[in-house]
Every structure is written in structure tokens, then in C-alpha cells.
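J.: Got a structure here, written out as C-alpha cells. Questions coming.
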Amino acid sequence: QVKAEGRNHYHFYTEALNERLSERLKLQNEMRRALKNNEFFLEYQPQYCLKNGRICGIEALVRWRHQERGILYPGKFIPLAEENGLILPLGEWVLRSACTQNKLWQDLGYPPVSIAVNLSPRQFRQKDLIGKITRILDDTGLEPHWLELEITESLSMEDVELSSEILRKMKSMGIRLSIDDFGTGFSSLSYLSRFSLDTLKIDRSFISSLSEYADKQAIVLTIIQLAKNLGLKVIAEGVESPDQLDFLSKKDCDVVQGFLLAKPIPVGDIRPYFAFELKDLILKDFMKPAAI
Ligand code: C2E
Ligand code: MG
Ligand code: MG
Ligand code: MG
């Protein structure tokens, strides 16, 4: 009796495990197909300068238009792509598409913005990353200072020597560099002066509870101060409420990004966001409940 039950449990366990494995395998194969079939696409989330209220940057965020499962967000496939190496071709596609798009906007006469592209650890460690980026910039004709690469703290700490070498090269090309999700990586602060960075992006976990918790306010204030003292630009991500915006603008944050102003937007709908200013976007948001 007991034995049989034990076996059933074991059976159940392996079945669940197998299911997970084959699910991953399936997704992995589908990802290969998706790259060939152009199932990936980018959405663009605007960033606004607090000083003048105008757009100053746009972050490119990848999505997958899956044939059966609808639109998948990066949390569903980026970690897997990172594990199986498909992040390399995918990441290169993202970078090329984002640069092409930004150059197109400039050629159309839109106000120039920097395009922010996320770089995952494996991409960062690949051979000839610099060569690849150089080629993409040459091919697309985008000037390097309109490209901002986002890396994470953990990535930069894996091999400090190598990382600072690569970052130094990027910097000398004129590319902008930012640390994404800043404050979540628990890494040594010494890299901030060793690496040639331009921007700190305060992680959205600190922004989300800004109004409720005094300690969150203290952390955000400290990060803003730290950035100022190091001569870095500071961006707050995940800004969702007017209170948060108000706090950030009073405390001298440089740039804001978040659902309050704009969600990530399909390329066809983005044009008006180049003309919107912060005040328009906030007004628009206040009017939403009334309109419903
Ligand atoms: P991230 O780089 O920190 O990007 C910001 C994420 O926060 C995006 O999620 C964005 O949609 C979301 N977000 C922006 N404003 C708000 C807000 O006000 N409230 C809330 N709740 N969320 C907000 P998304 O698009 O799902 O991307 C998640 C992560 O996936 C990104 O975090 C980035 O680490 C990664 N990722 C996205 N695209 C790429 C890519 O092309 N390459 C690589 N390597 N990673 C990517
Ligand atoms: Mg990012
Ligand atoms: Mg982030
Ligand atoms: Mg992130």
C-alpha cells in the first residue's frame, strides 16, 4: 500500500518534471522558428525629461507574436534564450531593429531621442560584441551617441577587468551606457567609478512604493544624490502615479519612464508621443477615469 503510493508520488513527480522539460524544449524549438519567421517585434516606451517635459529617450522592449499562444513578454522567453544561447541572434536582431528605427525617426524629422537597448549578460560576454555593434551602427547610419545600452549590475561584476575593458571601448565609440534595475544587484559601489557609465536607472521596486514607505524615499533620494555626485544622469523607471512623479521632480531626478506617462507602444502608434509633453500625458491620464 505504502509502497504503491510512494511510487505514484514518484511517478507524478517525474511526469511533472518531464512536462516542464518538454515544454522548455518546445519553446526553444519554437524560438528558432520564430527568429526565421520574424515573430519577434519591438515595442517602444518613451522617457521624458523632467526639466523641460519633453521626450528624450525611448526604450526598446522585445515581444514575441507566438503563433498559438498570442503575444509573449520577455519574462517568458528571455531567460530561456539566455540559457540556450538564442539570445545572441535575438539580441542582435533587437539591436539592429532598434537602431534602424531610431535612424528612421530622425530621417522623418522627429525630435532626436536616444534609443535604449537591453543587453543580457551572455550577449555582453560574447566574442566580438564590439565588432557586431560597430557593424550595426555603420549599416544603419545611426550616430553612436543616440544609442544607449542597458546592462545590469550583476553582469558588470562577473569579470570586472573584462567588463571595464568592453565598457571603455563602447564609451570611446560614443555609445551611452546605463545600469538598469539599479539598487537590486547588491554589488560593490566601487564599479561606479571604475566603469565609464552615463546613466543610473533606479529600479521600479523602489519607485512603486515611494508614497507609502519613508525608507523607499530615502533610498531613491540617496540614489539620485549618488548619481549627481558622480556626474551621472538618473532615470526613474516604473513611474505609475502623479505622487511619484511629483516626488521625483522635486528631488531633481532627470528622466522618468513608466505607465503614468506611456506604456510600451507599438511602432505604429508612437508618433504623437514625440510631440507630447509631460503635462499633456498627465492630464490625459487624469481624464481617463472620467471618460470611462
Ligand atoms: P527592464 O529593462 O527593466 O524594462 C522595464 C520593464 O518594466 C518592461 O517590462 C516594461 O514594460 C515594464 N514597465 C515600464 N514601466 C512600468 C510601470 O510603470 N509599471 C510596471 N509595472 N512596469 C513597467 P517588459 O517589457 O516585460 O520587460 C521585462 C524585462 O525583460 C526588461 O526589464 C529587460 O530586462 C528584459 N528585456 C526586454 N526586452 C529585452 C531585450 O530586447 N533584450 C534583453 N536582453 N532583455 C530584454
Ligand atoms: Mg531596461
Ligand atoms: Mg529595469
Ligand atoms: Mg531588467
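The values are calculated or read from the model by the stated rules, or taken from the named source; none is laboratory data. Quantities reported herein were computed from a predicted structural model and do not represent experimental measurements. In this analysis, Cβ positions are derived from the backbone assuming ideal geometry, glycine residues included, and neighbour counts consider all displayed protein chains.
J.: Based on what the data block shows, is residue 117 under 19 Å from residue 139 (Cβ atoms), within 16 Å of ligand 3 (Cβ to nearest atom) and surrounded by 15 or more Cβ atoms within 10 Å (Cβ to Cβ)?
T.: Criteria met by residue 117.
J.: Out of the residues in the stretch 213-242 that are of a type in the set (Asp, Glu) and within 13 Å of ligand 1 (Cβ to nearest atom), state the one that is surrounded by the fewest Cβ atoms within 10 Å (Cβ to Cβ). Can you show your working first?
T.: Filtering the stretch 213-242 for residues of a type in the set (Asp, Glu) gives 215, 237, 240.
Next, only the ones that are within 13 Å of ligand 1 (Cβ to nearest atom) stay: 237, 240.
Numbers: 237: 21, 240: 16.
Residue satisfying both the conditions and the ranking: 240.
J.: Let me ask something else about it. Quick check on the stretch 168-195: of everything there that is touching a Ser or Thr at 6+ places or on another chain (Cβ under 8 Å) and polar (S, T, N, Q), which residue is nearest to residue 118 (Cα to Cα)?
T.: Looking at the filtered set, the residue picked out is 178.
J.: Okay, moving on. More than 19 Å from residue 40 (Cβ to Cβ), surrounded by fewer than 20 Cβ atoms within 10 Å (Cβ to Cβ) and in contact with a Leu (Cβ under 9 Å, 6 or more places away or on another chain): is that true of residue 126 in this structure?
T.: For residue 126, the condition - more than 19 Å from residue 40 (Cβ to Cβ), surrounded by fewer than 20 Cβ atoms within 10 Å (Cβ to Cβ) and in contact with a Leu (Cβ under 9 Å, 6 or more places away or on another chain) - is not met.
J.: Being closer than 23 Å to residue 128 by Cβ and in a loop (DSSP other than H, G, I, E, B) is the requirement here; does residue 196 meet it?
T.: Spelling it out, residue 196 is indeed closer than 23 Å to residue 128 by Cβ and in a loop (DSSP other than H, G, I, E, B).
J.: Scan the stretch 88-109 for residues that are buried (at least 16 other Cβ atoms within 10 Å of the Cβ) and out of contact with any Leu (no Cβ under 9 Å at 6 or more places or on another chain) and jot them down.
T.: 88, 92, 96, 105
J.: Moving on. Looking at the stretch 134-158, which of its residues are away from ligand 1 (no atom under 14 Å from the Cβ), in contact (Cβ under 8 Å) with a residue 24 or more places away in the chain and on the phi < 0 side of the Ramachandran plot?
T.: Correct list: 134, 137, 139, 140, 142, 143, 144, 145, 146, 156, 157, 158.
J.: Just checking, which of 244, 217 is touching a strand residue (DSSP E or B) at 6+ places or on another chain (Cβ under 9 Å), at pLDDT 90 or above, outside any loop (DSSP other than H, G, I, E, B) and not acidic (Asp, Glu)?
T.: Matching residue, one of 244, 217: 244.
J.: Of all the residues that make up the stretch 134-156, how many are in a helix (DSSP H, G or I), closer than 27 Å to residue 111 by Cβ and either of a type in the set (Ser, Thr, Tyr) or under 20 Å from the mean Cα position of the chain (by Cα) (or both)?
T.: Number satisfying all stated conditions: 7.
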